[in-house]
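K.L.:
Take this structure first; my questions come after.
Here, each number is a calculation from the coordinates, and none is a lab measurement. Treat the numbers as computed from the prediction; the structure is a model and nothing was measured. Positions of Cβ are generated from backbone atoms using ideal geometry, with glycine treated the same way; all protein chains shown enter the neighbour counts.
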Amino acid sequence: MTLQATRRNRFLGSAAVLLALFLLPYVMPNDYWLRIYGITGIYVMLSLGLNVVAGFAGLLDLAYVAFFGIGGYTFALLSSNQFNIHLPFLIVLPIAALLTMAFGFALGTTSIRLSGDYLAIVTLAFAQVFKLLLINLDRPVNITGGVNGIYNFDAINIFGMKIVSPESYAYLIWFSALIVIIGCFRLKDSRYGRGWNAIREDELAAKVLGVNATWMKLKAFAGGAFIAGGAGALFASFQDSVFPNNFDFPQLVIVYCMVILGGLGNILGVVLGAILLSILPEFLREYGAYRMMFYGLILIILMALRPQGLLGAIGFLSRTKKRPDKDETGVLRASTDLYYEAAPESECKGSENGKYCKGNRVALEIKGVSMSFGGITAVNDLDFCLFEREILSIIGPNGAGKSTVFNLISGIYRPERGSVLYNGSEIAGLKPHQVLKAGIARTFQNLRLFNKMTVLDNAKVAQFHRTKTGPLSILLHLPRYKKEEEECERYAREILGLFGKRLTGYRLEQEATSLSYANRRRLEMARALSTKARVLMLDEPSAGMNPQETSEVTDFIKELRDKYGYTILLIEHKLNLVRRISDRVLVLDYGRKIAEGSYDEVAGNTQVIEAYLGRKGR
Amino acid sequence: MEAYLQQLPQQLINGLTIGGVYALIAIGYTMVYGILFMLNFAHGEIYMIGGFAGWWVLHLLSVNSRPIMNAALIISLMIIAAMAVSGILGVLVERLAYRPLRQAPRINLLLSALGVSIFLQNLVLNFQGAKPRFFHVTALVPKHIRVIQVGDVVFSFMRILVIAVSFLLMAVLSYMIKKTKTGKAMRATAQDIEAATFMGIDTDRIIVYVFLIGSALGGAAGTLVGLLFTQVDYYVGFQAGLKGFTAAVLGGIGNISGAMLGGIILGLTEALATTFFPSEYKDIVSFTILIIVLIFRPWGLMGEKIPEKV
């Protein structure tokens, strides 16, 4: 019933939008407003493209307006008398978009490793170089026409239909804008959208969970450039001229204002922001001189008061929020049901032989690994092996180098010396997402969940590296995409189900940040499990938990080994937990291994006692 | 090649002049970045407004392009007014646009700074118009020292003045940072703002000082450039800001002596580049330097590479 209702609403909504787009050109009072209508469509596309880069992926790209310009000038050069090239529009448009995408890609590869401000400045410098080239490339050979630009283009001819009148442009532009809007929605709701979201929230965690951050950022750059290039070609044709000033810094600021006013990442918001800021200045035309000042103020005030934008957090457009303490019928839940219910209901596949038997095959081997930070040796010539289906606990005083060992294995640091072998092949020096792909997942001591993403999406992101649908399948919703999404969703629910009702039910749609502390710890583990890695590295999984919760987590970890056949490397301070589940224990102090063996052997070791308690008789 | 060598001393002087200006601008970027890790996009605009402040002083104190009092006094007043106006403006910007965002993600701070930049630029556009304002400086300098010739090298008095003032200001700043109590507090705040607070340093106040000093130096640079190139318009801040930032990055952002060195290197490079490339491409050369440095050595010449803490 509810599903049908949403379907019906969606259908009615789409029908209304289509009807409006069809009728609007007729109700425009004159050609002037018809042109504003067309320009608005171009701004909608432009803002949505920027939203892919800055909103989805969180990259402050100040060269964006140059991409718009590359699209515009490509059109200008390929369908005008400038070089006497007259290609049909249906060929020029894809060329402009793809060429701009190539430029976006090139710019991305050079600047993508820079973060935040640096990226902004490098891209700004690129944009300046672009503009200076536009202005100066009229000599010695006249390419861009310098400050005079290029004008008088061929009329667009689509299968015999000439696009000349403002009405026909309005239809063409808004048809393209509609495609871009739908494409953005589809992107946001796919593995791409989730991957970008994760990178924006916590890049390191995203990498460790298998998202190839560099590659995804590049794709965002390229995707944004693609849209900007197409919009640029349409704009050039619509204006019938291109000038360097069309693609200058103030233009960029206008587009940024549109995106931020609507709310970075919020597609409908951005569309509304673009429409609002395209039309509003027309009503304030007598104050035209103050227009840019006004844009500056918008940025300052929005950042101070409402950085999420106008529609950023308005409920009816975002996901419908459910009261966590009520069930669907509105009856209050008893919280005890949630907290003290018994074990998982669902069987997880993937256990190799059903029952636990410790393997004698080495899964992970650390050989002579060293790492130092500015003179302090954090890990010193460390050797150890992790056998299949075993729980090896690493203990040691604070600063012993335990977390550094995790960082070295998971590829966050590259060891200075030594090697890390997984199933016999070297993984030292691999990037974090490659280590994960090889089959090693980890959790973080100080929780690094994607806080603004839902519980379900947190578990789905972790499957990024296993899912393969490309942009085409996503944009066209090919069967391949649907199949993979369903499988991804099913597996995420299955894994979350391992924790009983704590992470399922109404909580699936809650933001991770709204979970209780213990549940966030559980989600951190669930996320690592969703990757389907066979080796888990758990960094203090019970930190901050009460005895009841600790005991539960201990059982859970044990079950992961016994029932599902995981191989587990564990850092833990609670020795009770360590004693109950470890097959072997490794003790570190000052980056060196000082003992290794069963819990009892290690606990009786004098060196270990000294490390923990100090030497007698001092 | 020979012609090139003949030009060399001349270009060195030109490079040193503009380099000193870049260095002054770069200091403002680097001081703010050193403490708040934010890129003060509006700094170029503050520089531009400093230029206008200098112009107004000159304008009010001349009749028919002739100064009404001692030229040295006018020039000093111009620089002081520019420093005061820009310094106060910098503090205002910090108070109104940046301080409310101290805890916000950095991208918000950057966007707010972008907003301030656009706002100030267009404020000046609306009140001063788009046409450049000209500094009538010829009458300021006595005829016999307007142009100084040493051997084959000819340079103007203004260049000497700009070099002298910019280096003097830098020396004063270095002394202040190294020797005074406030300077020490600034260095402490730059290293660890939280720890500095625990040591009893009023870090909010230090941040105000940083904006005050950085912006004042930027304002001085604005007036010096006005004296040198005899004009200022609402749009000069954008380019100059980028140049200053390039210099700051080149020297290692956050490092004050680095910013000075970076400015001078950038100025010299630009001056020498004009002997090889057409002068329209001068800006392209410096932006290319910026891009290359950021990509291959983002911590600059004198900055330290800090590993990310996990």
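K.L.:
Among residues other than residue A:154 whose Cβ falls under 12 Å from its Cβ, what is the net charge (Lys/Arg +1, Asp/Glu -1)?
P.N.:
On the way: positive: A:162; negative: A:240.
The answer is 0.
K.L.:
Find me the longest stretch of chain A that has none of the exposed GluC sites (Glu not before Pro), where exposed means in a DSSP loop (not H, G, I, E or B) with at most 16 other Cβ atoms within 10 Å. The partial results should precede the final answer.
P.N.:
Details: sites that count: A:328, A:341, A:345, A:347, A:352, A:416.
It works out to A:1-327.
K.L.:
Continuing with this model, one more query. Taking a virtual spin label 7 Å from the Cα of residue A:167 along the C-beta vector, which residues in segment A:29-44 bring their backbone nitrogen under 12 Å of it?
P.N.:
Within reach of a label on residue A:167: A:31.
K.L.:
Related question: Relative contact order, percent, of chain B when contacts are C-alpha pairs under 8 Å separated by at least 6 residues?
P.N.:
Values: 520 pairs, mean separation 114.6, N = 310.
Answer for chain B is 37 percent.
K.L.:
Taking only Cα atoms, what is the 0 to 90° angle, nearest 10, from helix A:267-283's long axis to the longest principal axis of chain A?
P.N.:
For A:267-283 against chain A, the angle is about 30 degrees.
K.L.:
Further, regarding this structure: So what are the ³J(HN,Hα) numbers for segment A:435-451, from phi and the Karplus equation (6.51, -1.76, 1.60; θ = phi - 60°), rounded to whole Hz, Gly and Pro as x?
P.N.:
4, 5, 4, 5, x, 10, 10, 9, 10, 10, 4, 9, 2, 10, 6, 8, 4
K.L.:
Is the C-alpha gyration tensor of the protein assembly as shown telling us rounded, prolate or oblate? Criteria: a/c under 1.5 is rounded; beyond that, a/b larger than b/c is prolate, otherwise oblate.
P.N.:
Details: a/c = 2.16, a/b = 1.37, b/c = 1.58.
Here the protein assembly as shown falls in the oblate category.
K.L.:
Between B:79, B:13, B:292, find the one with the highest GNM mean-square fluctuation for chain B; connect C-alpha pairs within less than 10 Å.
P.N.:
Most flexible of the set in this elastic network: B:292.
K.L.:
Measure up A:437/A:593; A:431/A:483; A:188/A:483; B:179/B:243 against 25 Å on the Cα-Cα distance and list the ones that go over.
P.N.:
Numbers: A:437/A:593 28 Å; A:431/A:483 29 Å; A:188/A:483 17 Å; B:179/B:243 29 Å.
Table pairs above 25 Å Cα-Cα are A:437/A:593; A:431/A:483; B:179/B:243.
K.L.:
Calculate the length of the line joining the C-alpha centroid of segment A:114-139 to that of segment A:142-170, in whole Å.
P.N.:
26
K.L.:
How large is the dipole of the protein assembly as shown about the Cα centre if only Lys and Arg carry +1 and Asp and Glu carry -1, each at its Cβ, rounded to the nearest 20 debye? Before the final figure, lay out each step's value.
P.N.:
Values: 89 positive and 67 negative charges, 184 e Å.
For this selection, approximately 880 debye.
K.L.:
For chain B, what is the Kirkwood estimate of the hydrodynamic radius, computed as the reciprocal of the mean inverse distance between distinct Cα atoms, to one decimal in Å? Working shown, then result.
P.N.:
Working: mean 1/r = 0.0502 Å⁻¹.
Evaluated on chain B, it is 19.9 Å.
K.L.:
Here is a further query. Among B:49, B:112, B:158, whose Cα sits farthest toward the positive end of the charge dipole of segment B:19-243 (+1 at Cβ of Lys/Arg, -1 at Cβ of Asp/Glu, about the Cα centre)?
P.N.:
Positive-most Cα among the choices belongs to B:158.
K.L.:
What ranking, highest mean first, results for peptides A:404-410, A:229-235, A:42-48 when packing means the other Cβ atoms within 10 Å averaged over each residue? Walk me through the numbers on the way to the answer.
P.N.:
Working: A:404-410: 25.0, A:229-235: 29.4, A:42-48: 27.7.
Result, highest mean first: A:229-235, A:42-48, A:404-410.
K.L.:
While we're on this one: Mind listing the long-range amide H neighbours of residue A:394? Cut-off is under 5 Å, sequence gap 5 or more, other chains count too, H placed in the peptide plane at 1.01 Å from N.
P.N.:
Residues meeting the amide H criterion: A:570, A:571, A:572, A:586.
K.L.:
Rounded to whole Å and sorted largest first, what semi-axes of the equivalent ellipsoid does the C-alpha gyration tensor of segment A:362-613 yield via the square root of 5 times each eigenvalue? Provide the component values of the computation, followed by the final result.
P.N.:
Details: eigenvalues 212, 95, 47 Å².
After diagonalising the Cα gyration tensor, the semi-axes are 33, 22, 15 Å.
K.L.:
Using alpha-carbon positions, what is the distance between the centroids of segment A:541-609 and segment B:136-160, in Å?
P.N.:
80
K.L.:
Report, in whole Å, the centroid distance computed from the Cα atoms of segment A:49-81 and segment A:463-529.
P.N.:
That distance is 34 Å.
K.L.:
Tell me the relative contact order for chain A as a rounded percent, counting alpha carbon contacts under 8 Å between residues six or more apart.
P.N.:
Working: 1064 pairs, mean separation 98.7, N = 618.
The normalised contact order for chain A reaches 16 percent.
K.L.:
Just going by the charge dipole of the protein assembly as shown, with Lys and Arg at +1 and Asp and Glu at -1 on Cβ, which of B:292, B:262, A:404 is farthest out on the positive end?
P.N.:
A:404
K.L.:
Also: Whole-Hz Karplus ³J(HN,Hα) for segment A:551-560, in order, using 6.51 cos²θ - 1.76 cosθ + 1.60 and θ = phi - 60°, x for Gly and Pro?
P.N.:
Those phi angles translate into 4, 5, 5, 4, 4, 5, 5, 4, 5, 4 Hz.
K.L.:
Further, regarding this structure: Around residue B:110, what is the net charge, scoring Lys/Arg as +1 and Asp/Glu as -1 over all other residues with Cβ under 13 Å from its Cβ? Each step should come with its number before you reach the end.
P.N.:
Working: positive: B:106; negative: A:61, A:117.
For residues surrounding residue B:110, the net value is -1.
K.L.:
Hey, another quick one. With unit charges on the beta carbons (Lys and Arg positive, Asp and Glu negative) and the dipole taken about the Cα centre of segment A:362-613, which residue among A:473, A:373, A:455 sits farthest to the positive side?
P.N.:
A:473
K.L.:
5 Å is the cut-off here: which amide hydrogens, built 1.01 Å from N in the peptide plane, fall below it relative to residue A:372, excluding neighbours closer than 5 in sequence?
P.N.:
A:378, A:416
K.L.:
Binning at 10 angstrom from zero up to the longest distance, how are the C-alpha pair distances of segment B:169-309 distributed in percent?
P.N.:
Final binned percentages: 11, 33, 35, 16, 4, 0.
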